[in-house]
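Step one of this worksheet: look at the structure below.
The values are calculated or read from the model by the stated rules, or taken from the named source; none is laboratory data. The structure displayed is predicted, hence computed values, not measured ones. Using ideal geometry, Cβ is built from the backbone for each residue, glycine included, and neighbour counts are taken over all protein chains shown.
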Ligand SMILES: Cc1cc2nc3c(=O)[nH]c(=O)nc-3n(C[C@H](O)[C@H](O)[C@H](O)COP(=O)(O)OP(=O)(O)OC[C@H]3O[C@@H](n4cnc5c(N)ncnc54)[C@H](O)[C@@H]3O)c2cc1C
């Protein structure tokens, strides 16, 4: 049977994939969007926070149907239990992630994309060196088929295989991941609508615990821990301790267990006929693990080059690589800084973290309604302790040395 033909095939209908499909389809190109899950956005594997609101507003019209609450500030709780509050109106929102993902996928369909759920990519097709399509299995019937295209967009998230098939990504290591456990809790006082981050080795080694308010009396509570630092204790055990401390008696509604990538940026995001976007491309913020907003921004940046490559009738690396370069000049640079800050910050022992937090809380302009400024975080961490400065310089030198070897 002759393979079906599309201008672009997108693997994965999370925020990155649906958004990229919508952007490319709205330029008049034919797009196939495949998603291995039977239902878009289900089950939720996310704490649903996104921000700043103004940045999301620049990307799309915000529909109240997918917003659970608007966040107006941040509370950071230090290892010793000291609380630092920063009022930051509209610094973020807590989404209804299922509705949000459904909205993005519906927008892609409205723009003309063909959406197939329960269809999984099982390999890429090559014509010489160029990637020219996708091998697909229809999970409902078990039927296997192929579809060809000028460009394939890999948006297959944290469990992505497509960037590995394309040769852009190695396996993630344990240090590239936060293991997360989260519960939606009913019956907790979050009237203030501040998001909370709780730090410290006992609370969440190598990461943080969070409270993200969905209403005045319900919230997503979770922990993200480094498996390398957690000893024999599981993320779920850390979560149980956190719930006992922050919301005793709260009613558990929906548990989520999952991993979240906090890795270094990939050196390149494109090869001939293929680009990678979103969490599949290590585009999460490495300090927070958040990846929804960067997935949308990356999708827009990628879609621009993908559409140009289709319009040129090539899908060639030269055009697709503009996406890689544009990303690295903007969000990629920011994420690099967040990566450096995370490397140092999460390696601090509780005493040093306490000191660093004190310093960070006094840094003017560090936090605003636009979120956190990564350059200021790094600078403040450097100033808070000479050993931190040494740590950062060492990590930069190590990186340069490795780059020289490659
Ligand atoms: C517990 C937890 C809490 C989190 N909390 C937040 C948060 O509060 N804020 C935030 O910004 N981020 C958060 N994240 C991260 C966030 O969920 C991701 O960064 C975001 O979903 C990335 O979007 P994406 O489109 O790149 O990938 P995904 O949303 O993972 O979408 C990828 C899609 O591809 C599909 N897929 C995979 N392989 C294939 C295949 N072979 N064929 C077809 N389809 C395939 C998957 O089923 C999935 O639907 C959290 C993550 C976890 C685990």
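Report yes if residue 325 is within 14 Å of the ligand (Cβ to nearest atom) and modelled with pLDDT of 90 or more, otherwise no. It is false that residue 325 is within 14 Å of the ligand (Cβ to nearest atom) and modelled with pLDDT of 90 or more. Listed conditions (1) within 15 Å of the ligand (Cβ to nearest atom); (2) in contact with a strand residue (DSSP E or B) (Cβ under 9 Å, 6 or more places away or on another chain); (3) part of a loop (DSSP other than H, G, I, E, B) are all met by residue 260, apart from (3).
Output the number of the condition that residue 255 fails; it satisfies all remaining conditions of (1) surrounded by 16 or more Cβ atoms within 10 Å (Cβ to Cβ); (2) more than 19 Å from the chain's Cα centre (by Cα). Going through (1) surrounded by 16 or more Cβ atoms within 10 Å (Cβ to Cβ); (2) more than 19 Å from the chain's Cα centre (by Cα) one by one, residue 255 breaks only (1). Residues of the stretch 94-122 that are touching a helix residue (DSSP H, G or I) at 6+ places or on another chain (Cβ under 9 Å), over 29 Å from residue 166 (Cβ atoms) and near the ligand (Cβ under 10 Å from one of its atoms): 95 alone. Checked against the criteria, residue 181 counts as more than 25 Å from residue 11 (Cβ to Cβ), within 12 Å of the ligand (Cβ to nearest atom), in contact (Cβ under 8 Å) with a residue 24 or more places away in the chain and in contact with a helix residue (DSSP H, G or I) (Cβ under 9 Å, 6 or more places away or on another chain).
Identify, please: which residue in the stretch 1-24 is more than 17 Å from residue 101 (Cα to Cα) and touching a helix residue (DSSP H, G or I) at 6+ places or on another chain (Cβ under 8 Å) and is, among those, farthest from the ligand (Cβ to nearest atom)?
Initially, the stretch 1-24 is screened for residues more than 17 Å from residue 101 (Cα to Cα), giving 1-9, 24.
Adding the requirement that they be touching a helix residue (DSSP H, G or I) at 6+ places or on another chain (Cβ under 8 Å) leaves 7-8, 24.
On the way: 7: 19, 8: 15, 24: 15 Å.
Checked the stretch 1-24; the qualifying residue farthest from the ligand (Cβ to nearest atom) is 7.
Residue 221 meets each of the listed conditions (1) surrounded by 21 or more Cβ atoms within 10 Å (Cβ to Cβ); (2) in a loop (DSSP other than H, G, I, E, B) apart from (2).
Condition test on residue 141, is it assigned by TED's automatic domain parsing to the domain that holds residue 297 and part of a loop (DSSP other than H, G, I, E, B)? It is true that residue 141 is assigned by TED's automatic domain parsing to the domain that holds residue 297 and part of a loop (DSSP other than H, G, I, E, B). Among the residues of the stretch 123-141, count how many are surrounded by fewer than 16 Cβ atoms within 10 Å (Cβ to Cβ) and away from the ligand (no atom under 14 Å from the Cβ). Looking only at that region, the number is 5. Any chance you could count how many residues in the stretch 204-240 are out of contact with any helix residue (DSSP H, G or I) (no Cβ under 7 Å at 6 or more places or on another chain), over 19 Å from residue 177 (Cα atoms) and touching a residue at least 24 places away in the same chain (Cβ under 8 Å)? Adding up the residues that qualify gives 9.
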